[in-house]
1. What full-extension length gain, to one decimal in nm, is calculated for residue 9 and residue 369 as 0.36 nm per residue of separation minus the Cα-Cα distance?
2. Between the stretch 105-164 and the stretch 37-85, how many Å separate their Cα centres?
3. Give me the extension gain from residue 511 to residue 578: residue separation times 0.36 nm, minus the current Cα-Cα distance, reported in nm with one decimal.
4. What spacing in nm lies between the two simple spin-label points modelled at residue 463 and residue 42, each 7 Å away from Cα in the Cβ direction?
5. Over the stretch 413-558, give the accessible area per residue in Å² for a 1.4 Å probe, as an integer.
6. Can you list the lysines whose alpha carbon sits under 18 Å from that of residue 548, skipping same-chain ones fewer than 8 residues off?
7. Of all the accessible heavy-atom surface of the stretch 1-132, with the other protein chains kept in place and a 1.4 Å probe, what percent is carbon and sulfur?
8. Which length gain, in nm to one decimal place, applies between residue 379 and residue 129 when the Cα-Cα distance is subtracted from 0.36 nm times their residue separation?
Amino acid sequence: MAGAAAEERRLATVVAGWQGRPVLVVGDAMLDEWRFAESERLCREAPAPVLTLRRRISAAGGAANTAVNVAALGGRAALVAPVGADVAGDELHDCLDRAGVWDRTVGHPGRPTPVKRRMLAGNQILLREDSGDPEDPLDDDGVARLLTALHCATEELRAVAAGQPPTLVVCDYGLGALPSAVRAWLVANRDRYATVALDAHDLADWRGLNPTVVTPSFAEATRLLARAAAGFNGGHRSAARGATAGHLHLDHLADPADGPSELVVGAAPGGAGEREPGSPHPTSGAPAAEHGGGVAGPTGEPTPGEERVALTGDGLSVTGTGVTVNAAAGAGVDRAVLAESRLDELREHTGADVVAVTLDTEGAVVGGADGEPRRSHSTPVPASHAVGAGDAYLAAMTLALAAEASLPTAAQLAQLAATITVSDTGTCVCRREDLLDALGSGPEEAGRPTQVGAEELTAIVAEHRRAGRSIVFTNGCFDVLHPGHVRYLTQARALGDLLVVAVNSDGSVRRLKGPDRPVNPVEDRAALLAALECVDHVVVFEEDSPAKLIEAVRPDVYVKGGDYPPEMVPEAPLVRQLGGQVRTLGYVPDRSTSAIIDRIRSHPVVPPVNEGRPA
């Protein structure tokens, strides 16, 4: 037990060490929409259920969800991606703001934001509707603006990291956000990033990037090996046949994110995986000519019966065609064993230091330069629970490697992050608090009171600073808490590892705002702030200025709300004198305490109607 506790503390130390790590995420961003309905009858027009919509949830998807997971785990995430100027794009921006992700997306009015809408009844997905036209290429102006956003976001993250190179995560899901010019820029500027993680449906498109880690699914890894065996670009048909004997070329479905084991069988470049004319058909035993008019199969587009196939239990054969993935591997080998046997080849073809082949419900197989494969396991869950679990895995793996954790530790934390997110229906996000709870470190953190006195706060801040954590400080009256406050505080929390909120006492508010304020006493105002997830500690001060607290806390970042420049903040000279920086964050328009109070006062109180009865 003592050894297990020590191991958990060691892992928790790694999680603490990646706090505030600057991470740039670039790739295909989308919106996930979940519609929860109830059904009690069938419609008369068709044998289909009649659905009554009860609840709707929107969440960041794709590269956007990877950025959300980085921020939720404690990293400092910035997202660069093309986003449409549409309703879905607006919702995606809101998702990023709520998560504390630095939204550096580039608007493209003529290109819709990809959306995946899922309709559920009883937590069972009944259908999914995909909208948007992601195959529309970015025009030259769009590519130029995307490259500018990449450069600026990189420099912005480097600045907050005191000149240290940031981490890069590339999420290429084939939706058109990363055309060849963008890929070429990232390859040419590889040295601007310390750690590079790559999650791509077609890894062959990223030759030359030499990432730190790649995280292909089993299907994506198989496809890369098949293309590598065929020389990537095909070649002479007869010459390729001998070189690729025993290998099957596997193409992705239209949406490769669906069903990690579902594949489309097509003709391999250079004829890889073809059967010789006259050879027995693998499922019926009849000559191939009887199933294809003498033409070796599979060729061209798959037949309707072959269009969707799945790996069989032994992990080697493909139903519908029966062609083996690796004829020399032998019988009874599962996907994990097959992936382990090809890790060195995958590292060679991708140029990556680490390859993590994800096996959905079966965990993952990870290999590094030492040639020692490592296996992790997961608990099988319904498919509706696992949407986005790979994003959590990628985010934790990247942060751990960026924090210079060993490969076994990074693999362990990545699998744990993916596993603890799949407890419910929806897009998976792993929070730092949940990860620490799973490691047994959560209660210690939770034991610290959120509402503290000035002396207690000074001791707490000193302890965090010894651990290398950065302190963010802000202050205000927070008389009537509203969405503008929540967004502002969430953004402030993303600027460091610990957010301290100083609240004006009732007497201080009266001196600043007038005799009719505050509306709510300081006890209520502090309690509401303490209940926010983004707030770590709340302290009340009696003075009109928080200067005394600023001197005691010595914040790394001092944040104020407003549209004025930092030079106009009265506390700015003191903060800079103490070695901190000053940031101003704009409020949400039409969301202010004064406006809310004015609206309440402008509506007269109407007595209840007596429904015609005598008074």
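The values are calculated or read from the model by the stated rules, or taken from the named source; none is laboratory data. The shown structure was predicted, so the numbers you read here are calculated from the model rather than taken from an experiment. Here Cβ is always computed from backbone atoms with ideal geometry, including for glycine, and neighbour counts include all displayed protein chains. Note: accessible area is taken over every heavy atom of the protein model, side chains too, but ligands, DNA and RNA are not part of it. Shrake-Rupley method; radii C 1.70, N 1.55, O 1.52, S 1.80 Å.
1. 126.9 nm
2. Using only Cα atoms, the two centres lie 15 Å from each other.
3. That works out to 21.3 nm of additional length.
4. According to this spin-label approximation, the distance is 6.3 nm.
5. 41
6. Result set, ordered by chain and number: 560.
7. The nonpolar share, carbon plus sulfur, comes to 52 percent.
8. 87.2 nm
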